[in-house]
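S.K.: I have a structure here, written as structure tokens, and I will follow up with some questions on it.
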Amino acid sequence: MRLLDSIRRIAPLAWPVFVGQVAVLAFSTVDTVMVARHSALDLAALAVGAAVYITVFIGLMGVVLAIGPIAGQLYGAGKWHECGRQLHQSMWLALALSVIGCAVLLFPQPFLALSRTPPEVAVKVRGYLNGLAFALPMALLFTAYRGFNIAVSRPKAVMALQVGALVLKVPMTALLVFGIALPAPYEGLSIAALGAPGCGIATAIVMTGQMLAAWWLLQRDPFYRRFALHGRLAAPHRASLAGLLRLGLPMGLSILIEITGFTFMAFFISRIGAIPVAGHQIAVNLVAMLFMMPLAIANAASTLVAQRVGADDAADARRLGWHSLEAAVLIAVLMGGCLYLLRRQILGLYTDDAVWEGVGEYYDNQFGRAEGKAAIREHFQRFWPEEQDPELVLNAHYLTSEQIHVDGDEAEGTWIHMQPWLFSDGRALLRSSRLNNAFRATDEGWRITRTRTENVFISDLPRNFASDHPSHSVLFK
């Protein structure tokens, strides 16, 4: 019964924190889903860039969140003015840490070197991080606001701002990732598709608006009057900043160690190629989503524990701490099971990753690479238009030397391919290629996810070598 009693006390604080954290994580989910439909190259850049930003932001965020237990203890003791002063000091700390963080984001060469990022991906990574360098100060300032509000048992105000920011983030990201082409006479207002860099710009715009709204609430909402937060920021106070750093540096370092176990994998996986690191981005996004509920419980429980310590009730504080750990373990088991059972459906939300590409000395330049069903359709419409002169009257594919390897829901096949061509003017040729296809099992059956073709040879055939051929097929449609 005591566990249920503790859960009833934790839940009113935890659920707004959870919703708000999911809204924050949804920033990354929105970026991942939209960029996955733009190109694998941009998704690879997003994976590396996000790993850099998360490493920087999460580490600095942990330092700023020292405001939580400090303000919570003062709030529990009824020292409201001192509690409010700690918020101003944490905002000064956030601004100071932003200088360090922005320098890392604007000069990411060590991370790019570690990941051996190809030049075409590195350009997009820098564009993405340039946008996030403008977002970081606002994000850390809002972290101070968030930590303070949770400490004084007012997480719903934070949740409302975070959900509102997400509502703005979705269309803003879509506009900048995919661009928009306007008809005449408004074509000058068209926005080019920016891909991954557009995500960084959208985040900077949204985070600025979110922090301005938070500052407006601090000045206007009657709830904050007891904390004496109206007007300008109080001057920096050395002892208060030192106290925040004494608590915040170990917090930030411990969180940084945990998070880099995931983020640094992106740097090493990117050495393999754009497609593997793009897949890693999807996996990391899922892991982060699962982490939000235990994190919400931890934030809510730490607030209640700090308040009980401030009220000089150590027994209740200890009880709440243990019960929050038990609840987090139960929820983690439940969410992990759901992820396993729904793994196919969840993956389908992220990627439409069909790829068709020509590789090797001859086909690389002739065919190039098309990503996504729409791009593949457009490629073949260019290669085989409805009207062409001379008209292609015969084309057949003969596949030999077949090898297919199945690994669970994935498979890969290779063939040697012979393809005779005959045109209406009598010209004829024979192409031979190597094919390498990847497949994935879906609810509708096996589907091709990647086709790669490499030239073996091209040879002329005798003119009009096939005299009798049908105008269409009865069996193949």
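The values are calculated or read from the model by the stated rules, or taken from the named source; none is laboratory data. Please read these numbers as outputs of a predicted model, since none were measured by experiment. Here the Cβ positions follow ideal geometry from the backbone for every residue, glycine too, while neighbour counts run over all protein chains shown.
S.K.: At pLDDT 80 or above and surrounded by 15 or more Cβ atoms within 10 Å (Cβ to Cβ): does that describe GLY337?
M.R.: For GLY337, the condition - at pLDDT 80 or above and surrounded by 15 or more Cβ atoms within 10 Å (Cβ to Cβ) - is not met.
S.K.: Let me ask something else. Return the only residue of ALA157, ALA94, ALA193 being surrounded by 15 or more Cβ atoms within 10 Å (Cβ to Cβ) and within 20 Å of the chain's Cα centre (by Cα).
M.R.: Answer to the selection: ALA193.
S.K.: Something else now. What's the number of the only condition in (1) out of contact with any helix residue (DSSP H, G or I) (no Cβ under 8 Å at 6 or more places or on another chain); (2) under 30 Å from ALA411 (Cβ atoms); (3) among the acidic types (Asp, Glu) that ASP468 fails to meet?
M.R.: Tallying (1) out of contact with any helix residue (DSSP H, G or I) (no Cβ under 8 Å at 6 or more places or on another chain); (2) under 30 Å from ALA411 (Cβ atoms); (3) among the acidic types (Asp, Glu), ASP468 fails exactly one: (2).
S.K.: Determine whether the stretch 175-197 contains at least one residue that is among the hydrophobic types (A, V, I, L, M, F, W, C), within 21 Å of ALA144 (Cα to Cα), in a helix (DSSP H, G or I) and at pLDDT 90 or above.
M.R.: No, because not a single residue in the stretch 175-197 is among the hydrophobic types (A, V, I, L, M, F, W, C), within 21 Å of ALA144 (Cα to Cα), in a helix (DSSP H, G or I) and at pLDDT 90 or above.
S.K.: Of all the residues that make up the stretch 458-477, how many are assigned to a strand (DSSP E or B) and either among the hydroxyl-bearing types (Ser, Thr, Tyr) or more than 30 Å from ALA40 (Cβ to Cβ) (or both)?
M.R.: Result for the stretch 458-477: 2.
S.K.: Out of all the residues in the stretch 421-451, which are modelled with pLDDT of 85 or more, out of contact with any Lys or Arg (no Cβ under 8 Å at 6 or more places or on another chain), assigned to a strand (DSSP E or B) and not β-branched (Val, Ile, Thr)?
M.R.: Once the filter is applied, which keeps residues that are modelled with pLDDT of 85 or more, out of contact with any Lys or Arg (no Cβ under 8 Å at 6 or more places or on another chain), assigned to a strand (DSSP E or B) and not β-branched (Val, Ile, Thr), the stretch 421-451 yields LEU422, PHE423, LEU429, LEU430, ARG431, SER432, SER433, ARG434.
S.K.: For the stretch 1-81, please list each of the helices (runs of 4 or more DSSP H) lying entirely inside it that holds at least 2 residues being over 21 Å from GLN307 (Cβ atoms).
M.R.: By residue number, 2-36, 40-64.
Let's see how each residue does on (1) more than 23 Å from GLU357 (Cβ to Cβ); (2) of a type in the set (Lys, Arg); (3) free of Cβ contacts under 8 Å to residues at least 12 places away in the same chain; (4) out of contact with any Asp or Glu (no Cβ under 6 Å at 6 or more places or on another chain):
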residue: ASP409; (1), (2), (3), (4): no, no, no, yes
residue: GLY413; (1), (2), (3), (4): no, no, no, yes
residue: PHE423; (1), (2), (3), (4): yes, no, no, yes
residue: ARG431; (1), (2), (3), (4): no, yes, no, yes
residue: ALA441; (1), (2), (3), (4): no, no, no, no
residue: GLU444; (1), (2), (3), (4): yes, no, yes, yes
residue: ASP468; (1), (2), (3), (4): yes, no, yes, yes
residue: VAL474; (1), (2), (3), (4): yes, no, yes, yes
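S.K.: Also: What number of residues within the stretch 431-465 satisfy the criterion of being within 29 Å of GLU410 (Cα to Cα), more than 28 Å from the chain's Cα centre (by Cα) and among the aliphatic types (A, V, I, L, M)?
M.R.: 2
S.K.: Conditions first: (1) buried (at least 24 other Cβ atoms within 10 Å of the Cβ); (2) touching a Gly at 6+ places or on another chain (Cβ under 6 Å); (3) closer than 20 Å to ALA300 by Cα. ILE70 passes all but one, so which condition is the exception?
M.R.: (2)
S.K.: Another question, if that's okay. Of the residues in the stretch 105-120, how many are in contact (Cβ under 8 Å) with a residue 40 or more places away in the chain and within 24 Å of LYS169 (Cα to Cα)?
M.R.: Qualifying residue count for the region: 1.
S.K.: Being assigned to a loop (DSSP other than H, G, I, E, B) and more than 19 Å from PHE57 (Cα to Cα) is the filter here; which residues of the stretch 82-117 pass it?
M.R.: If the condition is that a residue be assigned to a loop (DSSP other than H, G, I, E, B) and more than 19 Å from PHE57 (Cα to Cα), then ARG116, THR117 are the ones that fit.
S.K.: Considering only the stretch 198-229, state which residues are part of a helix (DSSP H, G or I) and either in contact with a strand residue (DSSP E or B) (Cβ under 7 Å, 6 or more places away or on another chain) or of a type in the set (Asp, Glu) (or both).
M.R.: none
S.K.: Under 6 Å between Cβ atoms, which residue pairs at least 6 apart in sequence (or on different chains) link something in the stretch 58-83 that is over 30 Å from LEU105 (Cβ atoms) with a partner that is outside any helix (DSSP H, G or I)?
M.R.: TYR75/VAL152; GLY76/ALA311; HIS81/ALA228
S.K.: Hey, could you check the stretch 215-233 for residues that are under 19 Å from PRO137 (Cβ atoms) and among the hydrophobic types (A, V, I, L, M, F, W, C) and say which is surrounded by the fewest Cβ atoms within 10 Å (Cβ to Cβ)?
M.R.: Only one residue tops the list, namely TRP216.
S.K.: Out of VAL30, VAL17, VAL22, report the one residue that is in the same structural domain as ARG319 (by TED's automatic domain parsing), at pLDDT 85 or above and in contact with a helix residue (DSSP H, G or I) (Cβ under 6 Å, 6 or more places away or on another chain).
M.R.: Just one listed residue meets the conditions, VAL30.
S.K.: So for the stretch 271-283 (the condition being closer than 23 Å to ALA11 by Cα, modelled with pLDDT under 80 and small (Gly, Ala, Ser)), does at least one residue qualify?
M.R.: Checking the stretch 271-283: not a single residue is closer than 23 Å to ALA11 by Cα, modelled with pLDDT under 80 and small (Gly, Ala, Ser).
S.K.: Which of (1) without any contact (Cβ under 8 Å) to a residue 12 or more places away in the chain; (2) surrounded by fewer than 24 Cβ atoms within 10 Å (Cβ to Cβ) is the odd one out, the single condition ASN149 does not satisfy?
M.R.: So the condition that ASN149 fails would be (2).
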